[in-house]
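Read the structure below first, then the notes.
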Amino acid sequence: MLINTAWLLDYLSPTPSLEDLRAAFIRAGLEIEDTIDLKTALKPIVIGFVREVKPVEGATGLFHCLVETKPGHIDSIVCTDGFPVEAGKGVPVALVGTRLPEGKEITSAKIRGIESNGMICPWWELGVVSKEGMFTTTDESLIGKSLASVTTIDQQLVDLSVLPNRPDCLGYIGIAREVAAILGLQVKVPSSFDWPHANDVQGPVPVRIEEQTRCTRYVGQRIDNVKVGPSPYWLQTRLYAAGLRPINNVVDITNFVLLEYGQPLHAFDAKTLDGPEMIVRNMKKGESLELLNGTTLVADDIKLETLPLVIADKTKPVALAGIMGGKPTQTTTQTTSVFLEAACFDSVTIRKTARGLGISSDSSYRYERGTDPNSILTAAFHRAVALISELTGGTANGSPSSAYPKTVEPRVIPLKLERVNSYLGIKLDPPTVQTELTKLGYKVDQSLQVSVPTWRVDCNQDVVLIEDLARLIGYDSIPNVSLSGSLNRGGQAPLDALRSQLAAFMTANGFLECRTPPLVDASVASQFTRLNCSPAVVRNPIRADMSTVRQSLIPSLLAVAERNYRRNGQNYRFFELDRVMGLDGNTPVESWSLGGIWGDELVGGEWIAKHHPVDFLAVKGFLQSLFGAQLKLQPDFLEQPLPAGFVPGQSARIALGHQVLGYIGLVDRRQVQLDERLKFPIYGFELDLNLLLELKSGQSHKFNGMPKSQILEKDLSITVPASVNFSAIKAATIEAFSKAVSATTSTGFAPVCESLSLIDVYEGSPIPEGKKSVTLQLRFRDRQQTLTSDYMQSLLDSILKSLQSTFA
Amino acid sequence: MTSSVDEISRINTQAQSEMAAAGDLKAVEAIRVKYLGKKGEITALMKNLKDLSPDERKAFGQQINDAKSTLEAALDDAERSLQQAAIDAELKKSRIDVSLPGFAPPAGARHPIMQTLDLVKGILAGLGYHYDDYPEIETEFYNFDSLNTPAWHPARDMHDTFYTTSGHVMRTHTTAFQMHAIKKYGPPPLRMMTAGRCYRCDQIDASHFPIFHQLDVFAIDKSLSFADLKWTLHELARGLFGEDAKLQFRPSFFPFTTPSAEVDVWFKGRWLEILGSGMMRPEVLQNAGLDPMEWQGFAFGLGIDRMAMIRYGIDDIRHLYDNEEEFLRQF
């Protein structure tokens, strides 16, 4: 809510300083979004003397002025009739290039062919509230002087953000109440006005609430002999300061009282109402209503659970309740008699209607959050009647109409002192609690039974009172008390620890960690995925390419690579630790992944190393060291099956038994449509962290003792068909080794093969076509004793023989 | 006798000049053999001693011994300096230009968001908070209802919250973890935390991204108070901003806390809003099956993206999600 401080001071006694006022806003919980100090903002405005004024030909309400803005210098300025300008008077002028307090910059313009190099500024253009319309002077020595230097403007425009639970602060008086409570001041409420209705011949206009759950209270007053015209400057400048435009005195008064009390009001042209009889009811099929903003509501076209609540006269709806008045019944310059209404509507009803119809207003904004049906409504209603009588010459005709079927009683909350003190960690005594809460309008008795004013729609239990007490004594006066009570063991869940461990490994190996959005384009969401479920789709995406929850991290990392390629990236090693998600039926599935891509050279010593782009075996080897060193796992790398996105034959499924740990492989750039934008081979991998954690925690880490014998290294060369996979050779060798050992248990030796590595693969002469020679290195030992050379030889012979027969 | 003395001095002189000419260890060894070997010239002189009188033998013997040790010392010196020269030559040959670029794999780095998150988590773990992960695809119940956010609350609007076609919400705040954590780790006393991605329908600009990171914390015990909350946040702030960190607590509103406070830290000459906090609302405790007259708790949550931006002076949130190498390598 945009506040002019001078206006706020109307309601405070004694007058606080601006600094105190601002501190009070913060302590109350009214966040200061923005401040415009008018004294500073008015510095660039200069005094110019009007030398000549003549109407602009062919235009009504426009005047061409010649203004002396510096001694001897005349500017041509076109102004409106908002404030009558007279030749010979000094007026405030914003010259071209000047910025007005609320941000508008003055530019030179041509209006109806006339140069206009500036703007004559009535107070309202400057955000200043004043009884006068404009600063004027006859002192010629002030020509060219800054407005701020010739008059005292001690006002600020403060944009306050009112918390959503405090609609009672959506008016000056509500804000004044908070400030007064904090600073120990009194609130000055405008004097109440009771109009005479002793000779009530006509009686009040009948009013009736049909929808009593949707409307709590409805009051109204007919006022006759109204003269509609412009409002006085004190009122106009206040509306402008709040960002509103004055319309006419009657409408301006309803807006002013809305800003003052936070209570919406509406003034109908009484002569356009049938009956007159006012009914609060739902709109009916077949009805329509033209609103002030020009749109027409047609009941039959409205798609809401319940048709909207309206104010109707005897025959037709005349206003959309709590949101907007109807156009045919509005107050115009021809109006001579008005029906002023004030009401309290159910906040959920107004919210649903406003949102459902897409129409909002200053009224609906307040009703949606909740208004007071009691003292605030009454006070605002009386204030508006008084102002209409005073400013339009109208007279209240008849006694006020009122429908209030079920009085809203103040809630009573028993407050326990121990609970207050235990909640805040302080020691307050009952008199303090009583005094402080009373400042906010609560009625508190000796036993701390608290009666809550009905404008406090948020206050439904004791903790709200405790919060109010904390605000009043100040959050700063609550001490910092080091935590007492039982202490738990802090720390991290095992999966989080695993993520930290893997992140350290990845970064130590040159990978850069990314954070990429998990919402992606539907077309890439399921590429590379290791999940077996359908993707979760967002119903209301902000962009088409952020519509689906990703099922793999690889597409996002490829997008990173692509961006870096455009931006002259050097290295293409990226990783991310995040969830991949989907839906199994209607049940969300969330699984943690380590995703990575690698597309750069193997080493970083460009000047010395040979050009060696990364290849499948390099990425695989990297993952093997991750599995081996970090997790003590030795999974298998299998050719089939693969998810979409990988190049078959150069990619693998990583598995341990029947469990799939993840995938690794060459990215099929054509398939993922990156071949034009990423012009080098790139590898991707993704691992299932939940499964890795499960496998890792299942291991027992026990010390194996130190061996008593030396390890033996023996090379074995065999010739096998070229089509045989290494994994088959390895498996056969290991099997042959254990067979050979178990065939010789009688020797007492029990060697174990500790590693089996590939030394060489050779195809070509003298190896026959279709065959390859494979050299393996076996490292084995009996940890307890040294093997004899005879035993070793027979072991190797037996293994060789077995392999030859397997691959014959 | 005299001729023998002359002989010693001659041998001495000759040996010295030969040594000066010796260019390698082999030559030095040859000189050693020539004079001090079994058939060497000095050894030969020793053999003559037996022909002399006892007095002469003593004096002459002394002279030969002196000559011998002088020569031995000189030979050792010559040998050592030749060895040193060989080492020097070897070192000179293998000298490298140490200013040449090293043979380094590219350096990796953790993302600034994750570094910041680890820092905050570390401080809180030290205060006894337990970290765990909780769902991102949430039910409306956990994300809103359990946290006292009624069905009509504006935060639940389609303008603010991503809904899935399955009727779930992408969690809008990590606060959604509260009831999960109470159920998983309860009953109290509890000190729990989580962090991770949250989703809101914001258009992307310099300070908004529809997906961002939060960290959320709560503690529940018999008599935890607002004063305990203040202390905890001061500890956290000191960990993040240094021992003199200054905080400002401003009243605020969250459906799941009362009293609520927005917390600012004094940073580079102004107050910066860093987190929201408050005493857990009785409704929330009740929803989790706890008696609000028995238990009291506090909770707070902070935006990690914003914290990272403050720590590193990052001016545009989009940098965090563009993942450009130039950016990532700076942390």
Ignoring ligands, DNA and RNA, please state the percent of accessible area on the protein assembly as shown from carbon and sulfur, probe 1.4 Å. 51 percent
Taking a 1.4 Å probe, which of B:SER225, A:SER717, A:SER347 shows the most accessible area, and what order do the others take after it? A:SER717, A:SER347, B:SER225
Under the definition of Cα pairs under 8 Å and six or more residues apart, what whole-number percent is the relative contact order of chain B? 14 percent
Region A:255-319: trypsin sites (Lys or Arg not before Pro) in DSSP coil with no more than 15 other Cβ atoms inside 10 Å: A:LYS284, A:LYS285, A:LYS303, A:LYS314
To the nearest 20 debye, what charge dipole does the protein assembly as shown have about its Cα centre, counting +1 at the Cβ of each Lys and Arg and -1 at the Cβ of each Asp and Glu? 1400 debye
Roughly speaking, what is the centre-to-centre gap between region A:756-776 and region B:179-212 when only Cα atoms are used, to the nearest Å? 57 Å
Region A:216-267-region B:19-87 distance, computed between alpha-carbon centres (Å): 127 Å
Counting other Cβ atoms within 10 Å of each Cβ, which GluC sites (Glu not before Pro) in region A:163-271 have at most 16 and sit in a DSSP loop? A:GLU210
Selected from A:GLY229, A:PHE627, B:PHE253, residue furthest toward positive end of dipole (the protein assembly as shown; charges at beta carbon): A:PHE627
Amide H contacts of A:ASN397 (H built 1.01 Å from N, under 5 Å, at least 5 apart or other chain): A:ARG222, A:ILE223, A:ASP224
Once a ≥ b ≥ c are taken as the square roots of the eigenvalues of the Cα gyration tensor of region A:494-697, is the result rounded (a/c under 1.5), prolate (a/b larger than b/c) or oblate (a/b not larger than b/c)? oblate
iface A-B | buried accessible area, total | probe 1.4 Å | Å², round 100 | 8000 Å²
Karplus ³J(HN,Hα) for region A:677-691 (6.51 cos²θ - 1.76 cosθ + 1.60, θ = phi - 60°; Hz, whole; x = Gly/Pro) runs 10, 9, 9, 8, x, 9, 10, x, 8, 8, 10, 8, 6, 4, 5
For A:HIS612, B:HIS159, the accessible-area ranking with a 1.4 Å probe, largest leading, is B:HIS159, A:HIS612
Can you work out the accessible area per residue across the protein assembly as shown, with the rest of the protein chains kept in place, probe 1.4 Å, in square angstrom? 44 Å²
Hey, which lysines would be in cross-link range of B:LYS47, C-alpha to C-alpha under 17 Å, not counting anything within fewer than 8 residues on its own chain? B:LYS34, B:LYS38, B:LYS39, B:LYS58, B:LYS68
CD proxy at 222 nm, helix term only [per DSSP H run n ≥ 4: -39500 (n - 2.57); per residue of chain A; nearest 500]: -7500 deg cm²/dmol
So for chain A, averaging the separation of alpha carbon pairs under 8 Å that are six or more residues apart and normalising by length, what relative contact order in percent results? 8 percent
Cα-Cα over 20 Å: which of A:LYS303/A:LYS406; A:LYS285/A:LYS314; A:LYS702/A:LYS739; A:LYS632/A:LYS702; A:LYS54/A:LYS227; A:LYS54/A:LYS145? A:LYS303/A:LYS406; A:LYS702/A:LYS739; A:LYS54/A:LYS227; A:LYS54/A:LYS145
Enumerate the lysines that B:LYS246 could reach by cross-link, defined here as Cα to Cα under 20 Å, with residues fewer than 8 away along the same chain left out. B:LYS230, B:LYS268
Amide H neighbours of B:LEU275 at under 5 Å, excluding residues fewer than 5 places away on the same chain, with H built from the backbone geometry, are B:VAL263
With the cut-off at 1.5 for a/c, could you classify region A:533-573 from its C-alpha gyration tensor as rounded, prolate or oblate? oblate
Most positive-pole-ward Cα, A:GLY474, B:THR175, A:LEU183, against dipole of the protein assembly as shown from beta carbon charges: B:THR175
Could you go through region A:407-421 in sequence order and give the Karplus-derived ³J(HN,Hα) for each residue, using 6.51 cos²θ - 1.76 cosθ + 1.60 with θ = phi - 60°, rounded to whole Hz, and x for Gly and Pro? 4, 7, 8, x, 6, 10, 10, x, 10, 9, 4, 4, 5, 4, 6
Lysines whose Cα lies under 24 Å from that of B:LYS184, excluding same-chain neighbours fewer than 8 positions away: A:LYS696, B:LYS121, B:LYS222
Peptide A:453-463, shielding by other chains (average Cβ, 10 Å cutoff): 2
Computed magnitude of the charge dipole of region A:712-806 (debye, nearest 20; Cβ of K, R +1, Cβ of D, E -1): 180 debye
Which of the three applies to region A:43-152, rounded, prolate or oblate, going by the alpha-carbon gyration tensor with a ≥ b ≥ c and a/c under 1.5 meaning rounded? rounded
Just read off the accessible area of B:VAL33 with the full protein assembly in place, 1.4 Å probe, to the nearest 10 Å². 90 Å²
Just want the answer: with Cβ charges of +1 for Lys and Arg and -1 for Asp and Glu, which residue in B:LEU190, A:SER794, A:THR254 is farthest toward the dipole's positive end in the protein assembly as shown? A:SER794
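The values are calculated or read from the model by the stated rules, or taken from the named source; none is laboratory data. Please read these numbers as outputs of a predicted model, since none were measured by experiment. Every residue, glycine as well, gets a Cβ built from its backbone with ideal geometry; the counts of neighbours run over all protein chains shown. To get the accessible areas, we keep the full protein, side chains included, count just its heavy atoms, and leave off ligands, DNA and RNA. Shrake-Rupley method; radii C 1.70, N 1.55, O 1.52, S 1.80 Å.
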